[in-house]
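Worksheet: one structure, shown below.
The values are calculated or read from the model by the stated rules, or taken from the named source; none is laboratory data. Please read all numbers here as calculations on a predicted model, not as lab measurements. Cβ sites come from the backbone with ideal geometry, for glycine too, and all protein chains shown count toward neighbours. Heads up: the accessible areas ignore ligands, DNA and RNA and are worked out on the full protein's heavy atoms, side chains in. Shrake-Rupley method; radii C 1.70, N 1.55, O 1.52, S 1.80 Å.
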Amino acid sequence: MKPDIPVALTQRGPAEHERREQIIDAAFEHFRLYGYAKTSVADLAKSIGVSSAYIYKFFESKQAIGEAICSQRVGQIDEALMLIAQSDQSATLRLRSIFKTLLTRSLDLFFQDRKLHDLAATASAQQWKSTLNHRAMMYSIVEKVVNDGRESGEFERKTPLDEVCMAITSVTTPFSHPLLLEQKTPEQLEERVQAITSLVLRSLAK
């Protein structure tokens, strides 16, 4: 079954507002320095010289602020993968590049700053909307490439499309989930992503 996309994030106030961006920037810095769990709305309010009540005009909770940050960061990965999916390369090369780029971008995002790791882990564990949107976007990206591969004659057409896309989307999880990423070294993950990509491509071949 194809996931629904997008799941709307909870929002208050105007979508584009200088204060909203200021709150998000301050939250990102605090989460980076102190971690998500140790940062309060009061801390954020103090850092930009406003009251907590003022922040609640834009975000209903600290989680809503975290959601906004996760959506921005994960959205950058999704954009990079969609560009690959829409490229002129063969479907086979695109799918291989998508797996590799997902791993590389996810490692950079989750581990370039260890204090942000707990935010990503919390988002995944609690099934935040930003996480659900990322999964749904991954499905759409995979669906685009598989469809193109079927039309070009690279991939088989007998297996139901939704089964193929759901299976491929599922096997990308170890290369983007923050808790699974830290269980292996980058070298081990690189070896696994190559092996799994090759297995997926063999299963798609006519």
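Quick notes
- Out of T122, T169, sole residue that is assigned to a helix (DSSP H, G or I), farther than 21 Å from F111 by Cβ and of a type outside the set (D, E): T169
- Region 80-102 - residue that is assigned to a helix (DSSP H, G or I) and out of contact with any helix residue (DSSP H, G or I) (no Cβ under 7 Å at 6 or more places or on another chain) and, of those, surrounded by the most Cβ atoms within 10 Å (Cβ to Cβ): L93
- Selection count, region 189-206, where residues are open to solvent by less than 60 Å² (accessible area, probe 1.4 Å) and outside any helix (DSSP H, G or I): 1
- Test result for Y54, in contact with an Asp or Glu (Cβ under 6 Å, 6 or more places away or on another chain) and at negative phi: no
- Here the condition is being surrounded by 14 or more Cβ atoms within 10 Å (Cβ to Cβ), aliphatic (A, V, I, L, M), within 30 Å of F99 (Cβ to Cβ) and modelled with pLDDT of 90 or more; of I55, I77, I65, it holds for I77 alone.
- Residues in region 119-142 that are of a type outside the set (K, R) and open to solvent by 50 Å² or more (accessible area, probe 1.4 Å): A125, Q126, Q127, L132, M137.
- Filtered residue count, region 173-188, keeping only those that are assigned to a helix (DSSP H, G or I), under 14 Å from L109 (Cβ atoms) and in contact with a Leu (Cβ under 7 Å, 6 or more places away or on another chain): 3
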